[in-house]
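Asker: Below is the structure I would like to discuss, written out as structure tokens.
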């Protein structure tokens, strides 16, 4: 059975590191479902959140060890969905031409927990945060309007463990909080 | 430290430029790192550094190769002998891409290299400038680390880091791509070289965890039929003595991998040969009879395991390995010990019991006898007219008393050499194992000779592989170093031919070679040599080769269609060994 794995990679901020990490997936013919890179709360530490689907836990563990081996990688964690809190963002650009059906702001806000973040002359941009499924459901709901553009971010996730990132980083580092 | 400061001060003497150029900083870094030899080839983007080298010739020996691939393999041979990084220096674009094969080879065979590569000027990066090539991108999958220097001030720190990463943990190749601008610019700070001692994101484990060592010892002490596979990690860690102490105390039979060969004396009573595709009969078959398999500094390469689904399934596995990503990669370990082979064996030794496994050891003997009867006898004492590769290597082994450094290329002759050379001295085999790079041996043998000029270095090469890098005869001739070269010539790409015969229904597809006159070629380079095809002259011929105080090439014309056995067919079970 295909299972979602979320791999969090913490690295020093180095040019070209993204390439070095994605090569590990490419070589083993693993498709990356989503990838997000961001700064962390510690200066100089970047965070990659990579989502893959795989049937074989051992295979993913090997992958994680290969990533750990990269010289500029500080720490790596492979998570199942129930071990993390995660979310994605979807942005929808919806046509609202004169005379067309207006968008139902109240339903969008209250029933879908989404919000309109930009009003254009004849369109609106709606933002919906949630899981991939929730955003998909919202997409289905919005289909009654003309969807001019749709974009969804990759997953971002934090582990459910009580420990903070700094506890997993090498001890001798000066992990100054940003 | 005192010396370091003196050198730095000398480089910053009044009257000279106040600050070093990037190119001078590269040279000064090499000197302070303790580098004595560079294998290289100049060209446009590295010329400023070659210009700086002009003033450093008294401190840095530069060897001009004939092709950048030769520089890489020579640096590998050098590195393997001394267990320290081999340094090569080449220009951008094609100069650098020619280095990729040795880098990939070094990556698979855990060989420390520091490759200094010129790059176009900083303002030309990414513009498809003359001889520009994205070496960072190209080399990423085959380097342990790489880095592009665009600022002269970075050079000392990056050079120190390069050597640290290349030489520590599981060694490997590092590539430093340096723009021409970073070479020509003056540093804006005084040069200071601090050897790298630690990197926050790179923490190779040397000392194993005590609980892991204890778990391993427990398995070993409970074993009735334990079996050791000793790999390249023993040689890299310099753990030959520790391995011998461990074997002597525990009485456990030991096999060495292709690259681990020479870590045990071939005549040690507990040495049972080597496992793998062309390894020994018993060493393969009994892998599936042992109860505890103790793998030290090796990575269960597919050429050793064959079919993983049937490999050592009955055995508990102790895996001592410095690279954590190798543990459980191919073979699941019941007792993994992550750490340096030397440290791990030292920690294990007091915890293991003295034991006698002579009955179990004797089981190997039964297979050895059958192998001797069916293969060795025919290889060494056959009646045909033509010389067989095995008898040539066997004679070489006798004449050098098993004490030479033997460098092989890739193919039949490689397997035969490892089969019949009886290694008596540590760190004596240099061969391209993981990558199987034809053309490796000639430059690698040269690099090995540069590293250990006091030792006899013999390159054993096939006629195919020799023609891939034979231009390095020029490098050897120019150096005058007495590298001894043997071509085992069967006028075939022998290993491919063997496979075509055995597995492709005798359909010989482009494996027969029309060879040049190798001796004339050698003479053209100023290297003496001769050909032997008569068995009666083989012994004298080897004497001529070995007694030469100059480089010498001996071409041995061998039987054309000889096959290497034993053989475990690719992907087969280690018990399904073909003896003919």
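The values are calculated or read from the model by the stated rules, or taken from the named source; none is laboratory data. These figures come from a predicted structure and were not determined experimentally. We place every Cβ from the backbone using ideal geometry, glycine too, and count neighbours over all the protein chains shown.
Asker: Run residue B:254 past the list (1) farther than 18 Å from residue B:225 by Cα; (2) surrounded by 23 or more Cβ atoms within 10 Å (Cβ to Cβ); (3) more than 14 Å from every other protein chain (Cβ to nearest Cβ) and report the number of the one that doesn't hold.
Answerer: (1)
Asker: Here's a follow-up. Among the candidates B:393, B:406, single out the residue that is modelled with pLDDT of 95 or more and more than 19 Å from the chain's Cα centre (by Cα).
Answerer: Result of the check over B:393, B:406: B:393.
Asker: Here's another thing I want to ask about it. Considering only the stretch A:1-30, state which residues are more than 10 Å from chain B (Cβ to nearest Cβ) and in a loop (DSSP other than H, G, I, E, B).
Answerer: Hits for the stretch A:1-30 are A:1, A:2, A:13, A:28, A:29, A:30.
Asker: Let me ask another. Among the numbered criteria (1) in a strand (DSSP E or B); (2) surrounded by 16 or more Cβ atoms within 10 Å (Cβ to Cβ), which one does residue A:135 miss?
Answerer: (1)
Here is a yes/no grid of residues against (1) under 25 Å from residue B:445 (Cβ atoms); (2) assigned to a strand (DSSP E or B); (3) touching a strand residue (DSSP E or B) at 6+ places or on another chain (Cβ under 7 Å):
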site	(1), (2), (3)
B:45	no, no, yes
B:58	no, no, no
B:63	yes, yes, yes
B:66	yes, no, no
B:76	yes, no, yes
B:84	yes, no, no
B:89	yes, yes, yes
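Asker: Spot the failing condition for residue B:362; the list is (1) touching a helix residue (DSSP H, G or I) at 6+ places or on another chain (Cβ under 8 Å); (2) free of Cβ contacts under 8 Å to residues at least 60 places away in the same chain; (3) more than 14 Å from chain A (Cβ to nearest Cβ), and only one is missed.
Answerer: (1)
Asker: Of all the residues that make up the stretch B:523-541, how many are within 12 Å of residue B:392 (Cβ to Cβ) and out of contact with any strand residue (DSSP E or B) (no Cβ under 7 Å at 6 or more places or on another chain)?
Answerer: Looking only at that region, the number is 2.
Asker: Quick one: which helices (runs of 4 or more DSSP H) lie wholly within the stretch B:163-251 and hold at least 2 residues that are within 14 Å of chain A (Cβ to nearest Cβ)?
Answerer: Once the helices (runs of 4 or more DSSP H) in the stretch B:163-251 are filtered for at least 2 residues that are within 14 Å of chain A (Cβ to nearest Cβ), nothing remains.
Asker: Somewhere in the stretch B:367-383, is a residue touching a helix residue (DSSP H, G or I) at 6+ places or on another chain (Cβ under 8 Å), under 18 Å from residue B:546 (Cα atoms) and at pLDDT 95 or above?
Answerer: No: the stretch B:367-383 contains no residue that is touching a helix residue (DSSP H, G or I) at 6+ places or on another chain (Cβ under 8 Å), under 18 Å from residue B:546 (Cα atoms) and at pLDDT 95 or above.
Asker: State whether the residues of the stretch A:111-122 include one that is surrounded by 14 or more Cβ atoms within 10 Å (Cβ to Cβ), at pLDDT 95 or above and either at positive phi or not in a loop (DSSP other than H, G, I, E, B) (or both).
Answerer: Residues of the stretch A:111-122 that are surrounded by 14 or more Cβ atoms within 10 Å (Cβ to Cβ), as a first pass: A:112, A:114, A:116.
Next, only the ones that are at pLDDT 95 or above stay: A:112, A:114, A:116.
Still in the list and also either at positive phi or not in a loop (DSSP other than H, G, I, E, B) (or both): A:116.
Checking the stretch A:111-122: at least one residue is surrounded by 14 or more Cβ atoms within 10 Å (Cβ to Cβ), at pLDDT 95 or above and either at positive phi or not in a loop (DSSP other than H, G, I, E, B) (or both).
Asker: Quick one: would you say residue A:149 is under 30 Å from residue A:77 (Cα atoms), modelled with pLDDT of 95 or more and within 22 Å of the chain's Cα centre (by Cα)? So that I can check it myself, show each step before the final result.
Answerer: Working: under 30 Å from residue A:77 (Cα atoms): no; modelled with pLDDT of 95 or more: yes; within 22 Å of the chain's Cα centre (by Cα): yes.
When the stated conditions are applied, residue A:149 does not pass them.
Asker: From the list A:9, A:37, A:51, A:15, pick out the single residue that is within 23 Å of residue B:148 (Cα to Cα) and touching a residue at least 60 places away in the same chain (Cβ under 8 Å). Full working, then the answer.
Answerer: Values: A:37 fails: touching a residue at least 60 places away in the same chain (Cβ under 8 Å); A:51 fails: within 23 Å of residue B:148 (Cα to Cα); A:15 fails: touching a residue at least 60 places away in the same chain (Cβ under 8 Å).
Criteria check complete, one pass: A:9.
Asker: Same structure again: Return the only residue of A:159, A:78, A:130 being in contact (Cβ under 8 Å) with a residue 24 or more places away in the chain and touching a helix residue (DSSP H, G or I) at 6+ places or on another chain (Cβ under 6 Å).
Answerer: The unique qualifying residue is A:78.
Asker: Also: For the stretch B:417-443, how many residues are assigned to a loop (DSSP other than H, G, I, E, B) and farther than 16 Å from residue B:398 by Cα?
Answerer: 11
Asker: Hey, among B:398, B:472, which residue is surrounded by 19 or more Cβ atoms within 10 Å (Cβ to Cβ) and in a helix (DSSP H, G or I)? Spell out the reasoning first.
Answerer: Numbers: B:398 fails: surrounded by 19 or more Cβ atoms within 10 Å (Cβ to Cβ).
The match here is B:472.
Asker: Regarding the stretch B:447-459, can at least one residue be identified that is buried (at least 24 other Cβ atoms within 10 Å of the Cβ) and over 18 Å from residue B:83 (Cα atoms)?
Answerer: For the stretch B:447-459, residues buried (at least 24 other Cβ atoms within 10 Å of the Cβ) and over 18 Å from residue B:83 (Cα atoms): present.
Asker: Within the stretch A:41-59, how many residues turn out to be surrounded by 19 or more Cβ atoms within 10 Å (Cβ to Cβ) and within 14 Å of chain B (Cβ to nearest Cβ)?
Answerer: 5
Asker: Restricting the search to the stretch B:479-497, which residues are crowded, with 22+ Cβ neighbours inside 10 Å and part of a helix (DSSP H, G or I)?
Answerer: Those that are crowded, with 22+ Cβ neighbours inside 10 Å and part of a helix (DSSP H, G or I): B:494, B:495, B:497.
Asker: When you go through (1) out of contact with any strand residue (DSSP E or B) (no Cβ under 6 Å at 6 or more places or on another chain); (2) closer than 30 Å to residue B:31 by Cβ one by one for residue B:225, which number turns out not to apply?
Answerer: (2)
Asker: Does the stretch B:532-554 contain any residue that is out of contact with any helix residue (DSSP H, G or I) (no Cβ under 6 Å at 6 or more places or on another chain), within 15 Å of residue B:463 (Cβ to Cβ) and either without any contact (Cβ under 8 Å) to a residue 60 or more places away in the chain or surrounded by 14 or more Cβ atoms within 10 Å (Cβ to Cβ) (or both)?
Answerer: For the stretch B:532-554, residues out of contact with any helix residue (DSSP H, G or I) (no Cβ under 6 Å at 6 or more places or on another chain), within 15 Å of residue B:463 (Cβ to Cβ) and either without any contact (Cβ under 8 Å) to a residue 60 or more places away in the chain or surrounded by 14 or more Cβ atoms within 10 Å (Cβ to Cβ) (or both): present.
Asker: Which of the residues belonging to the stretch B:294-331 are away from chain A (no Cβ under 14 Å) and under 21 Å from residue B:343 (Cβ atoms)?
Answerer: Selection gives B:294, B:295, B:296, B:297, B:298, B:317, B:318, B:320.
Asker: I want to confirm something. Restricting to the stretch A:31-40 and keeping residues that are under 18 Å from residue A:166 (Cα atoms) and exposed (fewer than 13 other Cβ atoms within 10 Å of the Cβ), which single residue is farthest from the other protein chains (Cβ to nearest Cβ)?
Answerer: A:38
Asker: Does at least one position in the stretch B:513-520 carry a residue that is surrounded by fewer than 22 Cβ atoms within 10 Å (Cβ to Cβ), over 25 Å from residue B:74 (Cβ atoms) and free of Cβ contacts under 8 Å to residues at least 24 places away in the same chain?
Answerer: yes
Asker: Still on this model: So, in the stretch B:108-153, of the ones that are in a helix (DSSP H, G or I) and within 12 Å of another protein chain (Cβ to nearest Cβ), which residue ends up surrounded by the most Cβ atoms within 10 Å (Cβ to Cβ)?
Answerer: B:135
Asker: Within the stretch B:173-204, which residues are in contact with a helix residue (DSSP H, G or I) (Cβ under 7 Å, 6 or more places away or on another chain), free of Cβ contacts under 8 Å to residues at least 60 places away in the same chain and surrounded by 14 or more Cβ atoms within 10 Å (Cβ to Cβ)?
Answerer: Within the stretch B:173-204, B:196, B:199, B:202 meet the criteria.
Asker: For residue B:448, only one of the following conditions fails: (1) within 23 Å of residue B:64 (Cβ to Cβ); (2) in contact with a strand residue (DSSP E or B) (Cβ under 6 Å, 6 or more places away or on another chain); (3) not in a helix (DSSP H, G or I). What is its number?
Answerer: Looking at each condition in turn, residue B:448 falls short on (3).
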